[in-house]
1. Would you mention how many residues in region 279-295 are crowded, with 19+ Cβ neighbours inside 10 Å and either among the β-branched types (Val, Ile, Thr) or assigned to a loop (DSSP other than H, G, I, E, B) (or both)?
2. Can you name every residue in region 204-236 that is in a loop (DSSP other than H, G, I, E, B) and polar (S, T, N, Q)?
3. Could you say whether any residue in region 54-73 is closer than 24 Å to Ala10 by Cβ, among the aromatic types (Phe, Trp, Tyr) and in contact with a Gly (Cβ under 9 Å, 6 or more places away or on another chain)?
4. Please work out if Ala49 is out of contact with any Cys (no Cβ under 8 Å at 6 or more places or on another chain), surrounded by fewer than 24 Cβ atoms within 10 Å (Cβ to Cβ) and under 30 Å from Val175 (Cα atoms).
5. Take Thr130 and tell me if it is out of contact with any Asp or Glu (no Cβ under 8 Å at 6 or more places or on another chain), free of Cβ contacts under 8 Å to residues at least 24 places away in the same chain, among the polar types (S, T, N, Q) and more than 24 Å from Pro51 (Cβ to Cβ).
6. Suppose we filter Ala72, Ala148, Ala162 for residues that are at pLDDT below 95, of a type in the set (A, V, I, L, M, F, W, C) and either in contact with an Asp or Glu (Cβ under 6 Å, 6 or more places away or on another chain) or in a loop (DSSP other than H, G, I, E, B) (or both); which single one remains?
7. Quickly run through region 84-122 and pick out the residues that are farther than 30 Å from Asp270 by Cα, assigned to a helix (DSSP H, G or I) and either in contact with a strand residue (DSSP E or B) (Cβ under 6 Å, 6 or more places away or on another chain) or of a type in the set (Val, Ile, Thr) (or both).
8. Filter region 311-363 for residues that are touching a residue at least 60 places away in the same chain (Cβ under 8 Å), of a type in the set (A, V, I, L, M, F, W, C) and part of a loop (DSSP other than H, G, I, E, B); which is surrounded by the fewest Cβ atoms within 10 Å (Cβ to Cβ)?
Amino acid sequence: MKILVIGSGAREHTIIKALRRDPEEHEILAAPGNAGISADAEIVGLNPANPKVVTEFAVTSDVDLVTIGPEAPLVSGVANALRTAGVAVFGPDKEAAAIEGSKSFAKDIMASAGVPTGKAWTVSTHDELTTALDAAGAPYVAKADGLAAGKGVLVTEDREAAIEHATFYLQHGDVLVEEFLAGPEVSLFFVSDGHRIVPLTPAQDYKRAFDGDEGPNTGGMGAYSPLPWLDEGFVESVASTIAQPVVDELAQRGTPFIGLLYCGLIVTDDGVKVIEFNARFGDPETQVVLARLESPLAPLLYAAATEVLESVEPPRFSDRCALTVVLASEGYPENPVTGREILGLDALPDDPNISISHAATAWDGSDLLATGGRVMSVIATGATFADARESAYATLERIGLEGSHFRRDIALRVVS
């Protein structure tokens, strides 16, 4: 197949690497890509969030499948334009992508579908905000209603900090105040063709910047899979009580969800509840989920995009342990320092258990430079989590980026 992957991060690089592992050889294009992606796909210079530009390119280039990685193109309607033009696209229309683009919309869908989640108050003024915070009580949870690159959520015992955080986002739209839910978090992806769903494998990510879940929220500093502490039947239960009801509700509203439904879950004493939905592959969880994928990826995505998910074999996953650790620039997430040279990649030993997905890198003609906060993901697999951790951290120590930082406790909790 000729496949166009939209996006420029480690998630998209990981998807491309997984497509390269398929038995069938694909012609893979990436827009806009990055320095690392350029080694695995042909780079296309176009605006990935412009529906007209993406669609014209896909049509004139005879692209068989478009896979949309980040949320912004989905919310801007790129999938709508592609479908209207008859191009198979893995990613929901903007109406269904609102389940990520608007947290209040997601809460409405969950209420209609009977999906378990925490209480929430949508506020648009300072007075409504303070009233909702008092009703919810500490710890306070304040979320931007719209997209915020994974940084719009604050959980704090400090009421004034919650007010400050929410007030900033009120300048741009509504804010949600939510009931605090306690328990371990789980990310579980479902591939959907608008009616049917197929689960992938659970993962857990690390949102805080520093070890021990300290520091500010980020887009994600690492992840691991599988989750040995989950109860048997967890995936099937989430499919029947959460994912399928949501897909059914969206279909009944005339906005079928075709693509990847990301369920952000929390295992509370009162059962599994939804924290959030995303409308695309999550980053960095994709890195470990696809590291364990043994069956071909392209047929699965194409079957969902063409609404015949029942025609393809369910995905198969390895029993091996996988983890990913994100290398971040100095100052990330608040004020990342960019433009510094990345050293050591050429000298890394050839190890089939290690893969590196670039997130924010570029060539300046001779040197590889960091161009953003999350620079790259080091992905490791092993027979045990201890083996995978040893490989990942040994690799990170060989990569040079002045001022960079990474968490050293990824998957430490599941090392036996």
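The values are calculated or read from the model by the stated rules, or taken from the named source; none is laboratory data. As the structure is a computational prediction, the values presented were derived from the model and not from experiment. Cβ coordinates were reconstructed from backbone atoms using ideal geometry, including for glycine residues, and neighbour counts include every protein chain displayed.
1. Of the residues in that region, 10 qualify.
2. Thr218
3. So far as region 54-73 goes, no, none of its residues is closer than 24 Å to Ala10 by Cβ, among the aromatic types (Phe, Trp, Tyr) and in contact with a Gly (Cβ under 9 Å, 6 or more places away or on another chain).
4. Yes, satisfied.
5. So Thr130 fails the test.
6. Just a single option satisfies the conditions, and that option is Ala148.
7. The one that is farther than 30 Å from Asp270 by Cα, assigned to a helix (DSSP H, G or I) and either in contact with a strand residue (DSSP E or B) (Cβ under 6 Å, 6 or more places away or on another chain) or of a type in the set (Val, Ile, Thr) (or both): Thr84.
8. The qualifying residue surrounded by the fewest Cβ atoms within 10 Å (Cβ to Cβ) is Val337.
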